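Novice: Quick one: structure below, then a few questions.
The values are calculated or read from the model by the stated rules, or taken from the named source; none is laboratory data. Remember, predicted model here, so these are calculated numbers, not experimental data. All Cβ positions, glycine included, derive from the backbone under ideal geometry; neighbour counts span all protein chains shown.
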């Protein structure tokens, strides 16, 4: 992504952090004079030290936990920054194959539905009947090959950079909280007998978090805004799309992404996971509200 034109000349003159070469910085360790980014700075009596100098490391043995390189959001940098994204894609594909092999009975058992009589199951089913698991399981089911192909391509394109920027734990929290928020809004607004399924709520959450990431990096927002606008047009113009899941996921993802990437460093974990907790509280609240209306 492009950086603002006015900053390009200044950025080119700055060195990269010795542990995060992609991050330009004008700060150097007062001991060894290596360039260090804000995440690597350790306060010293005079200036800042790099983690190596602050801990007296000689370069032998593993780095102490406190001095290991961190992601932009404070997570641990992993050897494979796309592992969780690959696992999520794999889980979706496996369950889609199960859907194809078992048939509609499996899909009817786990798709998102508020309350309705399901002929194949011979009973009244839905979240209002106590089947809260549908809020989660619907995130891993799809209605067609085109549906899952589009969602998995979006997951790969959006998920990889976010997983690298957030770290695995924070990325998983973002994905599941966004998907659950989409399911909860669908349950609240959609007709109780309207089934819905798909990873779109979680993926729209990744869209919202991607916007927060681009803003955090001071990069060009236009490509993200244009792509999001196109997806929203499809959301409200194509038939058989649960727009509620898209909007719920987008709002939750934007809020969580902003908290993950802009939290104060001294209270980072509290703000990040506290925001996720607030989203989950909202999910529970909306679910209880709708259940009280239907029962």
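Novice: Residue 195 passes all but one of (1) under 17 Å from residue 131 (Cα atoms); (2) in contact with a helix residue (DSSP H, G or I) (Cβ under 6 Å, 6 or more places away or on another chain); which number fails?
Specialist: Looking at each condition in turn, residue 195 falls short on (2).
Novice: Does residue 289 meet the test of being surrounded by fewer than 19 Cβ atoms within 10 Å (Cβ to Cβ) and assigned to a helix (DSSP H, G or I)?
Specialist: In short, yes.
Novice: Do we have any residue at all in region 140-161 that's farther than 30 Å from residue 216 by Cβ, surrounded by 14 or more Cβ atoms within 10 Å (Cβ to Cβ), in contact with a strand residue (DSSP E or B) (Cβ under 8 Å, 6 or more places away or on another chain) and in the same structural domain as residue 92 (by TED's automatic domain parsing)?
Specialist: No, there is no match, as no residue in region 140-161 is farther than 30 Å from residue 216 by Cβ, surrounded by 14 or more Cβ atoms within 10 Å (Cβ to Cβ), in contact with a strand residue (DSSP E or B) (Cβ under 8 Å, 6 or more places away or on another chain) and in the same structural domain as residue 92 (by TED's automatic domain parsing).
Novice: I'd like the residue in region 201-245 that is assigned to a loop (DSSP other than H, G, I, E, B) and closer than 25 Å to residue 188 by Cα and, out of all such residues, is modelled with the lowest pLDDT. Spell out how you get there, then give the answer.
Specialist: Filtering region 201-245 for residues assigned to a loop (DSSP other than H, G, I, E, B) gives 217-221, 238-242.
Of the ones still in play, those that are also closer than 25 Å to residue 188 by Cα are 238-242.
Numbers: 238: 80, 239: 75, 240: 79, 241: 84, 242: 87.
Selected residue: 239.
Novice: State which residue pairs qualify: first residue in the same structural domain as residue 130 (by TED's automatic domain parsing) and crowded, with 16+ Cβ neighbours inside 10 Å and inside region 101-115, second residue modelled with pLDDT under 95 and part of a helix (DSSP H, G or I) in any location, beta carbons under 6 Å apart, and separation of 6 or more residues or different chains.
Specialist: Matching pairs, first to second residue: 115/294.
Novice: Just need a number here: residues in region 81-122 that are modelled with pLDDT under 95 and within 20 Å of residue 155 (Cα to Cα).
Specialist: Number of matching residues: 2.
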